[in-house]
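Take a look at the structure set out below.
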Amino acid sequence: MPEGPSLVILKEQTAPFVGQEIVRAEGNTWAIDTTRLIGQPIVALRTWGKHFLIQMPTMVVRIHFLLFGTYRVNEGRDKPPRLSLGFADGGVLNFYACSVKEIDCDIDAYYDWAADVMSDAWDPAKARKKLRAAPDTLACDALLDQDIFAGVGNIIKNEVLFRIRVDPRSTVGALPPAKLRALVQEARQYSFDFLEWKKEFTLKKHWLAHNQKICPRCHIPFHKANLGKTNRRSFWCERCQKLYE
């Protein structure tokens, strides 16, 4: 699943389409009437967490990439797109294996921008307040809660917990105040590190825990398991990542 930083890259790649008129809209989606898009200009392209938002004068289309969604700009794939947009200058924007949905045009009321780790409106104090209100939540689930950390995915989750030396099975309420602050701070910091490394095509080279076998600090095997209510794969070191419960 693309994480928040990857969608920021998509927004940058598609910026030339802003102001352009959609001259063709098709795909195998049944969720929207694609003919309504034809003739509409792109007013803005925005992201919230893992959502890509195509804003037009009379509607907003939300793209959610789910687990296996992909996109192509000015090129296609050897499979039918869920949504394909063509523009007056010949540009093409294709989305595959994703969820397409029309949402309320007032997206500033629809979305809590303070929860988006990539947003200028990100509010760490608000994130800490939400965490304190869910003391029984496991750390691995808390980081994947999009209402608290919109844009954080499994890679960021594993790397943040390794950075701050917290076992993913720890409960939020048992975390010392300094660890709670570190969790919130690093969720945002690692997201921007992710963005930088993704642009350099070096992201995987910087993984210290995610999909790794040996802890680089302790030189012992990582534990690996699907944990929490989210049942997503976690990697952790039993020696340097403390369990708070």
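The values are calculated or read from the model by the stated rules, or taken from the named source; none is laboratory data. Treat the numbers as computed from the prediction; the structure is a model and nothing was measured. As a convention, Cβ positions derive from the backbone with ideal geometry for all residues, glycine included, and neighbour counts pool all protein chains shown. SASA here: full protein model, heavy atoms, side chains in, ligands and nucleic acids out. Shrake-Rupley method; radii C 1.70, N 1.55, O 1.52, S 1.80 Å.
Under 19 Å of direct C-alpha separation, and excluding same-chain neighbours fewer than eight residues apart, Lys198 reaches these aspartates and glutamates: Glu3, Glu12, Asp116, Glu159, Glu186. When only Cα pairs below 8 angstrom with a gap of at least 6 residues are kept, the range 10-80 shows a relative contact order of 25 percent. The helix-only estimate of mean residue ellipticity at 222 nm for the chain, built from DSSP H runs of length n ≥ 4 each weighted as -39500 (n - 2.57), is -7000 deg cm²/dmol after division by the residue total.
When the C-alpha to C-alpha distance is required to be over 30 Å, the pairs from Lys11/Lys126; Lys126/Lys157; Lys204/Lys242; Lys199/Lys242; Lys101/Lys204 that qualify are Lys199/Lys242; Lys101/Lys204. Evaluated with a Cβ-only charge set (Lys, Arg +1; Asp, Glu -1), the range 1-153 carries a dipole of roughly 200 debye about its Cα centre, given to the nearest 20. Accessible area per residue for the range 120-216, computed on protein heavy atoms with a 1.4 Å probe, is 47 Å².
Pairs of Cα atoms nearer than 8 Å and 6+ residues apart set the relative contact order; for the chain it is 17 percent.
In the range 1-117, the portion of solvent-accessible area held by carbon and sulfur atoms comes to 53 percent [1.4 Å probe, whole percent, DNA, RNA and ligands not counted].
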